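Structure first, then comments.
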Amino acid sequence: MKITLLAIGKTDDKNLQKLIDVYQKRLSHYVPFTLEVIPDIKKTKNLSEEQQKQLEGNEILKRTSTTDHLILLDEKGVSYSSIKFANFLQKKMNSGLKNLVFVIGGPYGFSQEIYDRAQGKVSLSAMTFSHQMVRLFVVEQLYRGFTILRNEPYHHR
C-alpha cells in the first residue's frame, strides 16, 4: 500500500517543514509515502466560502484516482488513539488497498463533492490546529502507527 497526504497550500514555516521532513523520511522506511501540496487558490477575496471549497475540491479530484481510498482530516471525523489508528492502518493494508490518501482541506473545509467521494473522515482533535501543523501531526501519527505495528519502542504503551 502507498500512502499520500494531499494538503492545500504550502508550509511557509521552515521549522515546521524541517520536522515534517524528519518524519516523512522516517515513515519512508515502512511504506511508500508522498506529501503533495496543492497550491493555494489565487484571488480568493471575491470568492464565497462555497466557491473556494469548490475550486479546492476540483484540485483534489484532479490529483486523485477513482481507485484511491480518500480519508479526510475533518473535525467531525472519527477520533482514534494512536494504537487504534495503527490498527486502522493495518486493516487498510490487509484489505489490499493500493493507495490510501489522507486529505487536509483549505480553511473552510471540503466541498460536498469531496465529502461524497471520501471513504472516511478522521479527526486529530476537538481542538483546531493550523493546516500547517496538521501536516506534521498526520505524518508523525503515520510514523507512530507503523512503529506500533512493528512493536518498536517509539510509542510507549
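The values are calculated or read from the model by the stated rules, or taken from the named source; none is laboratory data. From a predicted model like this one, the values you see are computed outputs, not experimental measurements. Cβ coordinates were reconstructed from backbone atoms using ideal geometry, including for glycine residues, and neighbour counts include every protein chain displayed. Side chains are part of the model used for accessible areas, which takes the heavy atoms of the whole protein and leaves out ligands, DNA and RNA. Shrake-Rupley method; radii C 1.70, N 1.55, O 1.52, S 1.80 Å.
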query: Among the residues of region 44-63, how many are farther than 21 Å from Gln132 by Cβ, in a loop (DSSP other than H, G, I, E, B) and open to solvent by 60 Å² or more (accessible area, probe 1.4 Å)?
result: 2
Answer residue from region 1-23, given it is in contact with a Leu (Cβ under 7 Å, 6 or more places away or on another chain) and surrounded by fewer than 20 Cβ atoms within 10 Å (Cβ to Cβ) and is farthest from Gln90 (Cα to Cα) among those: Leu16
statement: Checked Leu55, Leu47, Leu70 against criteria (touching a residue at least 40 places away in the same chain (Cβ under 8 Å) and of a type in the set (A, V, I, L, M, F, W, C)); the one match is Leu70
Index of the failed condition, Ile41 passing every other in (1) over 15 Å from the mean Cα position of the chain (by Cα); (2) not in a loop (DSSP other than H, G, I, E, B): (2)
field: Inter-residue pairs, beta-carbon under 7 Å, first closer than 12 Å to Tyr143 by Cα and in region 10-33, second β-branched (Val, Ile, Thr), 6+ apart
entry: Ile20/Thr11; Ile20/Val139; Tyr23/Val139; Gln24/Val139; Leu27/Val139; Val31/Ile3; Phe33/Ile3
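So, Thr66, is that one at pLDDT below 95, open to solvent by 40 Å² or more (accessible area, probe 1.4 Å) and touching a Lys or Arg at 6+ places or on another chain (Cβ under 9 Å) or not? Lay out the reasoning, then the answer.
Details: at pLDDT below 95: yes; open to solvent by 40 Å² or more (accessible area, probe 1.4 Å): yes; touching a Lys or Arg at 6+ places or on another chain (Cβ under 9 Å): yes.
Against the criterion (at pLDDT below 95, open to solvent by 40 Å² or more (accessible area, probe 1.4 Å) and touching a Lys or Arg at 6+ places or on another chain (Cβ under 9 Å)), Thr66 qualifies.
Out of the residues in region 123-157 meeting the condition of being in contact with a Ser or Thr (Cβ under 6 Å, 6 or more places away or on another chain) and modelled with pLDDT under 95, tell me which one is most open to solvent (accessible area, probe 1.4 Å).
Taking region 123-157 as the starting set, the residues that turn out to be in contact with a Ser or Thr (Cβ under 6 Å, 6 or more places away or on another chain) are 123, 132, 144, 154-155.
Subsequent filtering for residues that are modelled with pLDDT under 95 retains 132, 154-155.
Details: Gln132: 42, Tyr154: 59, His155: 37 Å².
It comes out as Tyr154.
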task: Can you give me the number of residues within region 74-111 that are open to solvent by 90 Å² or more (accessible area, probe 1.4 Å), touching a residue at least 12 places away in the same chain (Cβ under 8 Å) and not in a loop (DSSP other than H, G, I, E, B)?
output: 2
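How many of the residues in region 123-157 are part of a loop (DSSP other than H, G, I, E, B), in contact (Cβ under 8 Å) with a residue 24 or more places away in the chain and within 17 Å of the chain's Cα centre (by Cα)?
Taking region 123-157 first, the residues part of a loop (DSSP other than H, G, I, E, B) are 124-130, 150-157.
Of the ones still in play, those that are also in contact (Cβ under 8 Å) with a residue 24 or more places away in the chain are 124-126, 128, 150, 155, 157.
Those left that are additionally within 17 Å of the chain's Cα centre (by Cα): 124-126, 128.
Adding up the residues that qualify gives 4.
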message: Would you confirm whether or not region 113-122 contains a residue that is within 13 Å of the chain's Cα centre (by Cα), buried (at least 18 other Cβ atoms within 10 Å of the Cβ) and at pLDDT below 95?
response: no
